[in-house]
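Peer 1: Would you mind keeping the following structure in view while I ask a few things?
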Amino acid sequence: MVKKLVGIAAIAILFTGCGKETPPAAPGIGTGTVSVTGAGNDIAKERGLTPEEVEAALKTYPRPGKHDDEFIAFLSGGHAGTVIAVGLPSCRILKEIPVYSAQSWSGWGFDKDSEDILSEGNFYKDVPLHWGDVHHPKISVTNGEHDGDFLAVADKSAGRLAIVDLKTFKTIQVIKTPNTVSDHGNFWTPNSEYFVTSTFFPAPIPYGTYAPIEQYAEKFRGMITFHSFDRKAARVRLENSFQIELPPYIQDLMAAGKKPSFGYMFTNSLNTELAYGGNMEGRPAMEIGASKNEMDFVHVIHWKKAEELVKAGRAKSIGGVNVLPLEVAAAEGVICFIPISKSPHGVDVTPDGEYLICAGKLDPHATVFSWKKIKQLIDEKKFESKDRYGIPILSHDACLEAYVELGLGPLHTVFDGKGYAYTSLFLDSAIAKWSLGGPRSKAGEEPWKLQEKIGVHYNIGHLTAPATDTIAPLGKYVLSLNKWSVDRFPAVGPLHPQNMQLIDISGDKMKILYDLPIGIGEPHAADILLASKLKAWTVYPEVGTNTRTLKRDSFAVSTGRERVLREDDKTVRVFMTVVRSQFRPDTIRVKEGDHVILHLTNVERARDATHGFALHAYNVNASLDPGATVTVEFDAKHPGVYPFYCSEFCSALHMEMIGWLLVEPKEN
Amino acid sequence: MLEKPHLRTVVHLIPSWITMGLLAVSFWYPFWESNMKAPQYPDGLKLIAYQDHVEGDVDEINTLNHYVGMSTIDKVAALERKLAPMALMFCMVHLLYVPFVKNYLLRALFILPSALYPIVAIIDMNHWIKFLGQHLDPEAPLSMTVKPFVAPLVGDYKVANFDVSSHFGTGANLLFIAAGFAFVGFLTHLILWALSFRKKAEVKCSQ
């Protein structure tokens, strides 16, 4: 009862006073003084900068012409459907990578290959999706460490998965995950064998099946999907993938077990109440209905065992993929539950794989379970009870290692590799730093204890730290991905940018170094890569490379071989080279109604020699990078004269880089 | 004409073997290099000419040159590049034949091509470099910005936004040394041939 009141009071404060609240802890105050001589000192005085501010400026300042960023953070764009690459510590936005949403600058969604890639993710072909909700982009791993080769980008809104190739920073595949309406929490297995996603919203399976909402408990299901990744082909293969069917408890985020807990994964849920809303039908809304019970469930899933069971033929084919049915998973001990208080949010696994940290969300504590204890109980089959689906439940107290009071609204935990955990506190609008236990606890310090809190601006959701998901986190910084920016930036209209804050954790006290306004999306989470691990290309390796397959495009053409072919009385195919400063051929004659196919090859080899191909009449803006071959197709439905031009400034004669599409009218 | 080589002759042949070696090796090294620097090319552009082909940023240089109406690189000295291997072979075969030649004048003449080849190569190269800079299409887009110019074979100069620095490569240097040896050999045999007349005269007089 008291907990409920605290919860409601906190929510009330949030909506009445957010932004006007003083954060619980002042931003880290430096103990040393920074002295800059000469002009630097004068500037600091004139601007009234404190020593901490000067320190922050010096730590983040990117020197023009130098690659000063040690890390690249890949932020989710949220419902912008993009991934945003940000250099750290400068906090400069390097690129907005389009994934689920079209982007005319890069031609994404405006040429044949990208249209084909995007359409593969549409379940209903007559409802093409033009956006997505990107939450947790994840960098691929080899031997448990980032390899900088790919990004997996799941879509919460429609249950899709995309792969971005980090050689080209382009999306190369979009698929619709079967049997799910959402792909939310996710992680890579240690050698990127699988990319694992969890469904958020339960629904009847397979996708598109109808069942009355009152049959929520019987018919609605969650899914954990193990998308098999073929690294050589750089493609997800659904035929080698499998799923585990779960009860409709609304599974939230997940974490992978490491080292001793490898082979297991953990997710939490928030709806053991099995509520399904109905706020105009006499039932409470989801926010109340799903928050009634004292306990929800941490799911302990033995995915390695599930994989073996699937291989042994125990799976059913549903929606075109192998699904391990709930009954089989329950009976074979693939899943068991640990009760956890209220409706928790994150589950995070410590880098040594020994502990599970569950953030309370509506409970101001982080609950720490010991993997050793859990494993022992599972091996000895010491279960307390079973849920209505036959899934065994362990004793909360028998698994418990620590119950750490952190603050209001704990959500996610990240690690610095030095024995500390950092948990985001949404309602307190702060980050809590606390000591981990076990053999890694700092010498002489009490384990499982809150050390320090720093206020963030405002209402942090996720936080992230370099390589925090891996077995070797790098520490140095924490990124605070705040949901509200309120007054931190000049007003730019009612829709506010988000505030990404860079926090220095290298010293005794945490310090805020930078506020980055993100007015192009809502970053939920980010994955941070060492810049030295990126192996991005500057041009395509050979002239005529297809940007999707990264092999020679069968329609590539070299200088001197350009041609316009009339294939039949309805189709015209053009092989065009593009170079400074002309399209060759520059004049294309077609008849009204012709199906026109243009294969454009940028024959440049110089870095940054990108050309555009803009043809407004058919909504085309292709972007042609040096060496790339891009195909554009359309039906010339409207007669007329339509100039095309280079839209990406390319040379002194860019303005003269013009061509003509001449569409002759049909004779009547 | 053929006779068994003498020890003295063998010693005299060492310079011609060195010359042959230098001629051969020069083929594998750049003959001439030009480095071009401009603000938007932080790594610079390079043109590296070998005796039979050109390497470096040829495509990029051709692309830029078309704006000022300059010919593409492949169109100049095409014949020379094609003939260079044969010309080198010609010089080397004649050097090889020298020890088997009794007549000093003939020897001198057989050595002469090796002395001339590098000189001819430089004169020809200089001609084409000048040609490229002076024959710019007056209707080219940047004809108002870049007027026909005289580019030095070796040295620094500025064209439009580029600072250009050209110099001979190791290949040319090896050719010069070879030419030096060959010229000495040529003169030596010429003098020997001239002296041989006096000897003949002496012999005649002494009779």
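Read the figures in this text as sums done on the coordinates, not as results from a lab. All figures in this text were calculated on a predicted structure; none of them were measured in a lab. Cβ placement follows ideal geometry from the backbone for every residue including glycine, while neighbour counts extend to all protein chains displayed.
Peer 1: Provide the descending list of Cα extents for region A:379-462 along its principal axes, expressed in whole angstroms.
Peer 2: Principal extents (largest minus smallest coordinate, Cα): 44, 33, 19 Å.
Peer 1: Determine the equivalent ellipsoid of the protein assembly as shown by diagonalising the alpha-carbon gyration tensor, then write out the semi-axes as square roots of 5 times the eigenvalues, largest first, rounded to whole Å. Before the final figure, lay out the partial values.
Peer 2: Numbers: eigenvalues 976, 231, 168 Å².
For the protein assembly as shown, the ellipsoid semi-axes come out as 70, 34, 29 Å.
Peer 1: Let me ask something else. Packing-wise, with mean Cβ within 10 Å as the measure, how do B:155-164, A:246-255, B:186-195 rank, highest first?
Peer 2: Values: B:155-164: 14.0, A:246-255: 24.6, B:186-195: 15.6.
Descending packing order for the listed peptides: A:246-255, B:186-195, B:155-164.
Peer 1: Taking the Cα centre of region A:213-285 as origin and charging only Cβ (+1 Lys, Arg; -1 Asp, Glu), how large is the dipole, in debye to the nearest 20? Provide the component values of the computation, followed by the final result.
Peer 2: On the way: 9 positive and 8 negative charges, 125 e Å.
With only Lys, Arg, Asp and Glu charged at Cβ, the dipole is about 600 debye.
Peer 1: Another one. Just name one of A:Ile391, A:His462, B:Ser165: the one whose Cα is farthest towards the positive end of the charge dipole of the protein assembly as shown (beta-carbon charges, Lys/Arg +1, Asp/Glu -1).
Peer 2: The listed residue farthest towards the positive side: B:Ser165.
Peer 1: For region A:378-445, with only Lys/Arg (+1) and Asp/Glu (-1) charged at the beta-carbon, what is the dipole magnitude about the Cα centre, in debye rounded to 20?
Peer 2: Numbers: 8 positive and 10 negative charges, 35 e Å.
Once rounded to the nearest 20, the dipole reads 160 debye.
Peer 1: Let me ask another. Taking each residue of B:57-69 in turn, how many C-beta atoms of other protein chains fall within 10 Å of its C-beta, and what is the average? Before the final figure, lay out each step's value.
Peer 2: On the way: counts 2, 1, 7, 6, 0, 0, 9, 4, 0, 5, 5, 0, 0.
Average per residue, whole number: 3.
Peer 1: What size of dipole, in debye to the nearest 20, comes out for chain B about its Cα centre when the only charges are +1 on Lys and Arg C-beta atoms and -1 on Asp and Glu C-beta atoms? Walk me through the numbers on the way to the answer.
Peer 2: Working: 16 positive and 16 negative charges, 311 e Å.
My answer is approximately 1500 debye.
Peer 1: Looking at B:Leu96, B:Leu79, A:Ile338, which one has the Cα that reaches farthest to the positive end of the dipole of the protein assembly as shown (charges on Cβ: Lys, Arg +1; Asp, Glu -1)?
Peer 2: B:Leu96
Peer 1: Here's a follow-up. Fewest Cβ neighbours within 10 Å first, please rank A:His524, B:His94 accordingly.
Peer 2: Working: A:His524 22, B:His94 19.
Result, fewest neighbours first: B:His94, A:His524.
Peer 1: Say each of A:Asn619 and B:Val11 gets a label point 7 Å from the Cα, pointing the same way as Cα to Cβ; how far apart are those two points in nm?
Peer 2: For A:Asn619 paired with B:Val11, the spin-label model returns 9.2 nm.
Peer 1: Pull up the cross-link candidates among the aspartates and glutamates for A:Lys382, meaning alpha carbon to alpha carbon under 17 Å and not fewer than 8 places away within one chain.
Peer 2: A:Glu332, A:Asp397
Peer 1: How do A:Ser429, B:Ser16, A:Ser101 rank when sorted from fewest to most other Cβ atoms within 10 Å of their own Cβ? If you can, show how the numbers build up before the last one.
Peer 2: Values: A:Ser429 26, B:Ser16 23, A:Ser101 20.
Neighbour counts put them in this order, fewest first: A:Ser101, B:Ser16, A:Ser429.
Peer 1: Looking at this model, which pairs from A:Lys170/A:Lys372; A:Lys361/A:Lys509; A:Lys156/A:Lys292 are more than 32 angstrom apart at the alpha-carbon?
Peer 2: Working: A:Lys170/A:Lys372 42 Å; A:Lys361/A:Lys509 25 Å; A:Lys156/A:Lys292 25 Å.
From A:Lys170/A:Lys372; A:Lys361/A:Lys509; A:Lys156/A:Lys292, over 32 Å: A:Lys170/A:Lys372.
Peer 1: Roughly what % of DSSP beta bridges within region A:551-668 run antiparallel, to the nearest 5?
Peer 2: Details: 27 of 40 bridges.
Here the share of antiparallel DSSP bridges comes out near 70 percent.
Peer 1: Ignoring everything except DSSP H segments at least 4 long, calculate the 222 nm mean residue ellipticity for chain A; use -39,500 (n - 2.57) per segment, divide by total residues, nearest 500. Working shown, then result.
Peer 2: On the way: 10 runs with 79 residues, N = 668.
After summing the helix terms and dividing by residue count, I get -3000 deg cm²/dmol.
Peer 1: Separate question: Given the -39500 (n - 2.57) contribution per DSSP H run of 4+ residues, what per-residue ellipticity at 222 nm results for chain B, rounded to the nearest 500 deg cm²/dmol? Don't skip to the answer; put the middle values down first.
Peer 2: On the way: 5 runs with 119 residues, N = 207.
Mean residue ellipticity at 222 nm (helix-derived): -20500 deg cm²/dmol.
Peer 1: Relative contact order for region A:63-124: what is it in percent, counting Cα pairs under 8 Å that are at least 6 residues apart? Kindly include the intermediate steps, with their values, before the conclusion.
Peer 2: Values: 76 pairs, mean separation 12.4, N = 62.
Answer for region A:63-124 is 20 percent.
Peer 1: Which one, A:Gly109, A:Ile163, A:Ala614, is farthest towards the positive end of the dipole of chain A when Lys and Arg carry +1 and Asp and Glu -1 on their Cβ?
Peer 2: Value computed over the given set: A:Ile163.
Peer 1: Amide H to amide H, which residues 5 or more places from A:Arg92 or on other chains are under 5 Å from it, using H placed in the peptide plane?
Peer 2: For A:Arg92, the qualifying residues are A:Gly87.
Peer 1: Determine, for region B:74-204, the count of lysine pairs separated by eight or more sequence positions (or lying on different chains) whose alpha-carbon distance falls under 17 Å. Mind showing how you got there, number by number?
Peer 2: Values: B:Lys75/B:Lys130; B:Lys102/B:Lys199; B:Lys102/B:Lys200; B:Lys130/B:Lys147; B:Lys130/B:Lys158; B:Lys147/B:Lys158.
Within region B:74-204, the lysine pair count is 6.
Peer 1: Measure nothing but the geometry: give the 0 to 90° angle between the long axis through the Cα atoms of B:104-134 and the longest principal axis through the Cα atoms of chain B, rounded to 10°.
Peer 2: 10
Peer 1: Pairing the Cα long axis of helix B:58-68 with the longest principal axis of chain B, what angle in degrees results, from 0 to 90 and rounded to the nearest 10?
Peer 2: The two axes meet at around 60 degrees.
Peer 1: Let me ask another. Working out 0.36 nm times the residue gap between A:Lys45 and A:Gln215, then minus their Cα-Cα distance, what length gain in nm do you get to one decimal?
Peer 2: On the way: separation 170, 0.36 × 170 = 61.20 nm, distance 6.81 nm.
Extra length from A:Lys45 to A:Gln215 when fully extended: 54.4 nm.
Peer 1: By how many degrees, 0 to 90 and rounded to 10, does the Cα axis of helix B:7-26 deviate from the longest principal axis of chain B?
Peer 2: For B:7-26 against chain B, the angle is about 10 degrees.
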